[in-house]
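Okay, so here's the structure we're looking at.
Taken together, the values in this text are just the output of simple stated rules run on the coordinates, not laboratory data. Every value quoted in this text rests on a predicted model; they were computed, and no experiment measured them. Glycine gets a Cβ as well: all are built from the backbone with ideal geometry, and neighbour counts include every protein chain shown.
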Amino acid sequence: MEPLLPAFRRELRARAHHLHPVVSIGHHGLTSSVLHETDVALSAHELVKVRVLADDRDEREALLTRICAALDCAPVQQIGKLLVLWRPRPKDEEAAKEKRSPRPRKTARTPPAPPPTRRRSVAGKAPSGVPRAALPRRRRGPG
C-alpha cells in the first residue's frame, strides 16, 4: 500500500484517539487467527487499534511491518504497545451501502405553540386590573 499523506495520517490519528484496541497479540505472536481477526476488524471498521503485549520495541516494529504486508494495510501510528492500522473499505461494500434503503425519516412536526404572553399592566394598574395603590406594599430590608 502507498504511504499515507501527512495530513491524512493526522486525520486518522485524531479519529483513532478515541478507539479501544480490538485485537491483542499475545505471547504466541502473530498467528494466523490473529491475522484473520485483524483482517475482519479492518474490513468492518477501516481503522483499528492493535495491542501488542511484547516488551521488545524492535519486535513490535517487525510485527507492524508483517501485519501491513500480509493484510495490505497502512501503518498510521505506533505508540508504545499500541499499533494503529488503516485500510480503505472495498468499493463494492460502499456501493452496497448506498443501495440499501435508508431509515424511514420522521415526519415533519408542526412547531410548538408559543407560550402564552403575560398581560402587561396598564397605566398604574396591576395585571389583574386592580390599582397599584390598593395592593399591599412589600417590605424591603431587615425588619
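Per residue, the convex hull spanned by the Cα atoms of the stretch 32-75 measures out at 71 cubic angstrom.
Can you give me the Rg/Rh ratio for the stretch 1-40, using Cα atoms for both radii and the Kirkwood formula for Rh?
Details: Rg = 13.4 Å, Rh = 12.3 Å.
Ratio of gyration radius to Kirkwood radius: 1.09.
Length gained on full extension, T117 to I79: 7.7 nm, using 0.36 nm per residue less the C-alpha separation. The slack in the chain from E2 to A44, taken as 0.36 nm per residue of separation less the alpha-carbon distance, amounts to 13.0 nm.
Averaging over all projection directions, the Cα-based convex hull of the stretch 1-98 occupies 6.6 nm² in the image plane. Go ahead and collect, in residue order, the members of the stretch 6-42 whose backbone nitrogen is under 11 Å from a label point 7 Å along the Cα-Cβ direction of E59. Hits in the stretch 6-42 for E59 at 11 Å: 26-30.
Net charge within 14 Å of Q78 by Cβ-Cβ distance, Lys/Arg positive one each and Asp/Glu negative one each, not counting Q78 itself?
Values: positive: R9, R13, K49, R51, R57, R60, R66, K81; negative: D56, D58, E59, E61.
Its environment carries a net charge of +4.
Other residues lying with their Cβ under 11 Å from the Cβ of V50 contribute a combined charge of +3, Lys and Arg counting +1, Asp and Glu -1.
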